[in-house]
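Visitor: Below: one structure in structure tokens.
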């Protein structure tokens, strides 16, 4: 019988974010391997309650509203859907250890189901912290249920692996599988393509450094703007392209004006497909305060860009410092400014970054690791030989 997987998420397309992007790419790659994938997520403004998103049947369940109403309605409607569609899947694959995990734990009681728990964040704002420290009333119950009924836990980064172990997850139930990227879609542009992309996107001439992601405190954009204000004379002709949206946009635009750098910083807004911006630019920067396994960094490296990132979470695993990019300490604007100049002078970093993604983080490779995990769970075999992926 073909394998069926119910992807259970808090946010999904058209919501923009790394977890959403990765899950959609993974779902498409799994379907290409004959696995029936459906997505169960919350409502999104303007989106229908059901549609096929790039071939993935997507159900948006529950009601919008306050935290309690939205949460309870998501769980009730989501469980009803999973019961109705129970013959379509054997694997419940939940993304994040908040309401998606609670819903998946409820559906785990259905006969013949297996549960995969897939955190996407780490540190003080990450999944384990939210459930163990920020949910004092329900956290202990959900941890106990996860430890009892979770058949497999996915660690997308080493630090998440350690957090799961500290939470009490047995080593043999943790699968180290990093996020992946479509290396055909995210690929280096030729010089002619880069020129055409810049014209189409309305980007300036000269050297371009790009950031792509949500404009939130965790991403450290305030540090990046301060670093840009400290850049040396070798970057006088360079521009910083900020691709993304979020609650800090207005504050960041104001900060750019206060620092006197507004003429060299462009805020483009959000996009569902950052590939065009990445392929049009010369280097990538990710100044995060915390990360899981950043999809934006994988995409930039796949596009052959020299990358600068802070030494947090999965960024420190993906970038080989001084070989395929540069790692700096978070909050260090001076070090970040110096690294940006270095990246623009080191195009060879980008070529090596592309090879690293091709070798270890291509979505087809990642999907095959998930297939191995699903088959192991359904056959109750201990496939330790394929458990550790990256």
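The values are calculated or read from the model by the stated rules, or taken from the named source; none is laboratory data. What you see is a predicted model; the values in this text were computed from it and never measured. All Cβ positions, glycine included, derive from the backbone under ideal geometry; neighbour counts span all protein chains shown.
Visitor: Which condition breaks for residue 318 when tested against (1) more than 30 Å from residue 97 (Cα to Cα); (2) surrounded by 18 or more Cβ atoms within 10 Å (Cβ to Cβ)?
Guide: (1)
Visitor: OK, next. Which residue out of 186, 211 is buried (at least 19 other Cβ atoms within 10 Å of the Cβ), part of a loop (DSSP other than H, G, I, E, B) and outside the structural domain of residue 375 (by TED's automatic domain parsing)?
Guide: The conditions single out 186.
Visitor: For the stretch 86-107, name all the residues that are surrounded by fewer than 19 Cβ atoms within 10 Å (Cβ to Cβ) and touching a strand residue (DSSP E or B) at 6+ places or on another chain (Cβ under 7 Å).
Guide: Correct list: 88 only.
Visitor: To continue, here is another question. Look through 212, 218, 233 and report the one residue that is modelled with pLDDT of 95 or more and either over 28 Å from residue 126 (Cα atoms) or touching a helix residue (DSSP H, G or I) at 6+ places or on another chain (Cβ under 9 Å) (or both).
Guide: On inspection, the qualifying residue turns out to be 212.
Visitor: Could you count how many residues in the stretch 331-358 are closer than 24 Å to residue 156 by Cα and either buried (at least 22 other Cβ atoms within 10 Å of the Cβ) or modelled with pLDDT under 95 (or both)?
Guide: Final tally of qualifying residues: 4.
Visitor: Now, a different point. Which one of 300, 276 is touching a residue at least 60 places away in the same chain (Cβ under 8 Å), surrounded by fewer than 24 Cβ atoms within 10 Å (Cβ to Cβ), in contact with a helix residue (DSSP H, G or I) (Cβ under 7 Å, 6 or more places away or on another chain) and assigned to a helix (DSSP H, G or I)?
Guide: 276
Visitor: To continue, here is another question. Would you be able to say whether some residue in the stretch 37-45 is out of contact with any helix residue (DSSP H, G or I) (no Cβ under 6 Å at 6 or more places or on another chain) and more than 27 Å from residue 367 (Cβ to Cβ)?
Guide: Checked the stretch 37-45: at least one residue is out of contact with any helix residue (DSSP H, G or I) (no Cβ under 6 Å at 6 or more places or on another chain) and more than 27 Å from residue 367 (Cβ to Cβ).
Visitor: Confirm whether residue 175 is within 26 Å of the chain's Cα centre (by Cα), part of a helix (DSSP H, G or I) and either under 30 Å from residue 360 (Cα atoms) or touching a residue at least 60 places away in the same chain (Cβ under 8 Å) (or both).
Guide: Considered against the rule, which asks whether it is within 26 Å of the chain's Cα centre (by Cα), part of a helix (DSSP H, G or I) and either under 30 Å from residue 360 (Cα atoms) or touching a residue at least 60 places away in the same chain (Cβ under 8 Å) (or both), residue 175 comes out as no.
Visitor: Please go through the stretch 193-228 and pick out each residue that is within 14 Å of residue 337 (Cα to Cα) and without any contact (Cβ under 8 Å) to a residue 60 or more places away in the chain.
Guide: Within the stretch 193-228, 222, 225 meet the criteria.
Visitor: Exactly one of these conditions fails for residue 255: (1) closer than 23 Å to residue 181 by Cα; (2) crowded, with 18+ Cβ neighbours inside 10 Å; (3) out of contact with any strand residue (DSSP E or B) (no Cβ under 6 Å at 6 or more places or on another chain). Give me its number.
Guide: Condition (1) is where residue 255 drops out.
Visitor: Something else: Among 70, 129, which is under 25 Å from the mean Cα position of the chain (by Cα), under 21 Å from residue 178 (Cβ atoms) and either assigned to a helix (DSSP H, G or I) or assigned by TED's automatic domain parsing to the domain that holds residue 40 (or both)?
Guide: Every option except 129 fails the conditions.
Visitor: Here's a follow-up. Got a sec? Which of 265, 285 is surrounded by 19 or more Cβ atoms within 10 Å (Cβ to Cβ), closer than 30 Å to residue 158 by Cβ and in contact (Cβ under 8 Å) with a residue 24 or more places away in the chain?
Guide: None of the others qualify; the one that does is 285.
Visitor: Continuing with the same structure: I'd like the full set of residues that are under 22 Å from residue 3 (Cα atoms) and surrounded by fewer than 19 Cβ atoms within 10 Å (Cβ to Cβ), limited to the stretch 114-150.
Guide: 149
Visitor: So which residues in the stretch 229-245 are crowded, with 19+ Cβ neighbours inside 10 Å and under 25 Å from the mean Cα position of the chain (by Cα), if there are any at all?
Guide: If the condition is that a residue be crowded, with 19+ Cβ neighbours inside 10 Å and under 25 Å from the mean Cα position of the chain (by Cα), then 240, 241, 242, 243, 244 are the ones that fit.
Visitor: Quick one: in the stretch 189-208, of everything that is in contact with a strand residue (DSSP E or B) (Cβ under 9 Å, 6 or more places away or on another chain) and in a helix (DSSP H, G or I), which residue is surrounded by the fewest Cβ atoms within 10 Å (Cβ to Cβ)?
Guide: 201
Visitor: Considering 79, 110, which residue is assigned by TED's automatic domain parsing to the domain that holds residue 133, buried (at least 17 other Cβ atoms within 10 Å of the Cβ) and within 28 Å of residue 169 (Cα to Cα)?
Guide: Of 79, 110, the one residue that is assigned by TED's automatic domain parsing to the domain that holds residue 133, buried (at least 17 other Cβ atoms within 10 Å of the Cβ) and within 28 Å of residue 169 (Cα to Cα) is 79.
Visitor: Something else now. Taking the condition more than 26 Å from the chain's Cα centre (by Cα), more than 24 Å from residue 21 (Cβ to Cβ) and in a helix (DSSP H, G or I), does residue 109 pass?
Guide: Here the answer is no, as residue 109 does not meet what is asked.
Visitor: Let me ask something additional. Hey, can you tell me all the residues within the stretch 143-167 that are part of a loop (DSSP other than H, G, I, E, B) and either under 18 Å from residue 102 (Cα atoms) or not assigned by TED's automatic domain parsing to the domain that holds residue 121 (or both)?
Guide: 150, 151 - these are the residues of the stretch 143-167 that are part of a loop (DSSP other than H, G, I, E, B) and either under 18 Å from residue 102 (Cα atoms) or not assigned by TED's automatic domain parsing to the domain that holds residue 121 (or both).
Visitor: Would you please name the residue that is surrounded by the most Cβ atoms within 10 Å (Cβ to Cβ), looking only at residues in the stretch 151-172 that are within 19 Å of residue 363 (Cβ to Cβ) and in contact with a helix residue (DSSP H, G or I) (Cβ under 7 Å, 6 or more places away or on another chain)?
Guide: 157
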